[in-house]
Amino acid sequence: MKKKDPVYITGHRHPDTDSIASSIAYAFFKRSMGVHAVPCRLGALNSETRYLLSRFGFPEPVLLQDARMKLSEIDMDAPVSITPDTTIYETLKIMQEDNHAYCGVVDEEQRLVGMVTKSDLAVVGLEDTAMAIDILAHTPAENIRKTINGVMIYDDDQFYINGKVSIIAMTELDRLENFDVKDRIVIVGANTEAQKKLIAQGAGILIIVWAGEVDEQVIEAAREHHCPIIRSGYGSMNTSRYLYFAPSVERIMKTKLISFHSNELAEDVGNKMLRSRYRVYPVTDPEDRLVGYISRYHIMDSKKRKLILVDHNEFSQSVNAVEKGKVLEVIDHHRINDFSTAQPVTFRNEIVGSTATIIATIFRENRMLIPANLAGLLLGAILSDTMNFHSPTTTDRDKSNANILAALADLDIDEFAEELFTVTANQEKTSFYEMINQDRKIYDIHSCKISISQVIIPSARETRGDAQEIAGALERFCKKKQIDLAVLVFTSILENGSVVYAGGDRASWALEAFPDQEGEEHTFQENLLSRKQQILPALTSVITDYMGG
């Protein structure tokens, strides 16, 4: 049965709990429908999400770095291979059996060291004999025996051959002296006296054709002159033909190769192929082990990665090169901004405080029971995204779904919320620069690039003692990421408000959006909790005044 193509379900960059929980839950739902769904993340998880995954027994979703397919994810030809000591004859047989015109050469650890093609093999038989002489001179006697389907009558470690071949058809003893057989591979018939004389004249290897037993005197002469004797399984003509295919492929393989790594993007590999004219290319893994062969056909025939986006719809917040993938669905509760596709998609966007609320609703609509641990994870996502129902984005649907999920997970909402936000508020070992990167979203408003990061802590007011250090971290972040305005919002659910810090060339605009009270800096902003409905709209209004035209 053909394996189903995976569908990758992913939240937004800099994932929060709602994004991750929704990916995991919707992947569970899709798998129940027979879809090979894989939950993904686009970045590192924050402490809250890691805690919830651990508490309810879920592994971290796989990291998805690009919507484009890697070579390891597309169909390739099988990694048929040989070793450097494989004979040319054996290599040709392997190519014929597998219907390949090529074969990779690997070492004992399967690392790619060379490549041979049928064209390389043809050169052995068609080129000038000088090449064949050179490679035959370095051919082990055992290779010759295998290639001519022979029997080793006598072997000798001290033998030497120069690569030249002589076929002695006439066996008149007085005429043998006319032949120069010194260090040559000599093919001779069943004449015992001729065999002994050729050995005495210095034959490097004696190959006997059309013979049964070999006389003991011949073997003794061979031992004396260090001349191996092989009885061929073929006649003189085929023996002479096959001899030239006895050398190891190490003597003819190409070692300067154009190869690709399995983690390279198929699109990039296709572009690189345009700069060369080979029919096929070897593919290796990160340890340089051969994993397959790729051709232009495989690149052209490769499928797009299938994606389902949850908790976002803006391509600027999605996986890299999302436009190169195939988006099948979107489930979200944010604004619709730059979303477009080449084909229709299922798009579900609802006015609720958490995507997890929509996912839980989908389970009920399909009369599918949510397992207790998954219900607990979804409940944590709703509490996180609605800030325990304090956020102005909270709806009655969020609350009713939270109650249902709490019952399924056998949890008390108030106790669970206190537990959850205690974990979230523990930022003692996190630097301010790390906090900026933990849960941030990037927006482009009238060509002004802004970043909004939000951190949940026990007391937002206490951060004002670190104002100078926070400002320095924001400035470094703006320079590194080329951000016009970076905002870091410390939110306390217990205090029901936030303190806002800003950096970058447009930092003063944040002060206009969230003005300080007279005589103080970084005033505590009561009831400021929602990035989506409060922080972003206030900043957008100020930016529009300056840059809206």
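The values are calculated or read from the model by the stated rules, or taken from the named source; none is laboratory data. Bear in mind the structure is a predicted one, so any value in this text is a computation, not a measurement. Quick reminder, even Gly has a Cβ in these numbers, built from the backbone with ideal geometry, and neighbours come from all protein chains shown. Heavy atoms of the whole protein, side chains included, go into the accessibility calculation; ligands, DNA and RNA do not. Shrake-Rupley method; radii C 1.70, N 1.55, O 1.52, S 1.80 Å.
Taking R0 as 60 Å, what FRET efficiency do you get between residue 256 and residue 505 from their Cβ-Cβ distance, rounded to the nearest 0.05? The calculated FRET efficiency here is 0.75. Bridgeable aspartates and glutamates around residue 449 (alpha carbons under 16 Å apart, same-chain partners fewer than 8 residues away excluded): 314, 338, 475, 484, 505, 545. Taken over the stretch 1-130, lysine pairs spaced eight or more positions apart, or on distinct chains, with alpha carbons under 19 Å apart number 6.
Relative contact order for the chain: what percent, with Cα pairs under 8 Å and sequence separation of 6 or more? Across the chain, relative contact order equals 14 percent.
Each label was represented as a point 7 Å from its Cα along the Cα-to-Cβ direction; for residue 177 and residue 276 these points are 5.8 nm apart. Extension gain, residue 134-residue 47: 0.36 nm per intervening residue step, less the Cα-Cα distance, totals 24.6 nm. With only Cα atoms counted, the stretch 78-123 has Rg and Dmax values of 9.8, 29 Å. Each residue, residue 200 and residue 520, gets one label point 7 Å from its Cα in the Cβ direction; the gap between the two is 11.8 nm. Between the residues 92, 309, 319, the greatest Cα displacement towards the positive end of the dipole of the chain, with unit charges on the Cβ of Lys, Arg, Asp and Glu, is found for 92.
Mean separation of Cα pairs under 8 Å and 6+ residues apart, divided by the residue count of the stretch 252-373: what relative contact order is that in percent? Once divided by the residue count of the stretch 252-373, the mean separation gives 16 percent. Only Lys, Arg, Asp and Glu carry charge here, each on its Cβ (+1 for the first two, -1 for the last two); on that basis the chain has a dipole of about 1740 debye about its Cα centre. Loop-located GluC sites (Glu not before Pro) across the stretch 363-447 with a Cβ neighbour count of 11 or fewer within 10 Å are 428, with loop assigned by DSSP. Relative contact order of the stretch 186-298, taken over Cα pairs closer than 8 Å and 6 or more residues apart, is 18 percent. With N as its number of residues, the stretch 399-549 has a Cα radius of gyration that, divided by 2.2 N^0.38 Å, comes to 1.13. Farthest towards the positive end of the charge dipole of the chain, among the residues 140, 281, 498, is the Cα of 281, using unit charges on the Cβ of Lys, Arg, Asp and Glu. Given R0 = 51 Å, the distance between the Cβ atoms of residue 482 and residue 83 translates into a calculated FRET efficiency of 0.50.
Adding -39500 (n - 2.57) for every DSSP H run of four residues or longer, then dividing by how many residues the chain holds, sets the calculated 222 nm ellipticity at -10500 deg cm²/dmol.
Restricting the stretch 8-114 to GluC sites (Glu not before Pro) that sit in a DSSP loop and have at most 11 other Cβ atoms within 10 Å of their own Cβ leaves 108, 109. If you compute Kirkwood radius over Cα pairs in Å for the structure shown, which of (1) 23.3; (2) 29.2; (3) 25.2 do you land on? Identified label for the calculated read-out: (2). Here the peptides 194-203, 291-300 are ranked by packing, the mean other Cβ count within 10 Å, and the order with the highest first is 194-203, 291-300. Between residue 224 and residue 289, the simple spin-label model (points 7 angstrom out along Cα→Cβ) gives 5.4 nm. Between residue 464 and residue 210, residue separation times 0.36 nm minus the direct Cα-Cα distance comes to 81.4 nm.
Averaging Cα coordinates gives a centre for the stretch 24-66 and one for the stretch 138-193; these two points are 69 Å apart. Qualifying trypsin sites (Lys or Arg not before Pro) in the stretch 345-447, where qualification requires a DSSP coil assignment and no more than 10 other C-beta atoms within 10 Å, comprise 367, 429. Along the stretch 249-257 the Karplus relation, 6.51 cos²θ - 1.76 cosθ + 1.60 evaluated at θ = phi - 60°, assigns HN-Hα couplings of 5, 3, 6, 10, 5, 8, 10, 8, 10 Hz to successive residues, with x for each Gly and Pro.
Return the carbon/sulfur percentage of the accessible area of the chain, one whole number, probe 1.4 Å, all protein chains in place. Roughly 47 percent, rounded to a whole number. Taking the stretch 288-316 and a reference point 7 angstrom along Cα→Cβ of residue 264, the backbone N atoms nearer than 20 Å belong to 288-305.
The residues of the stretch 289-342 expose, per residue, 44 Å² of accessible area to a 1.4 Å probe.
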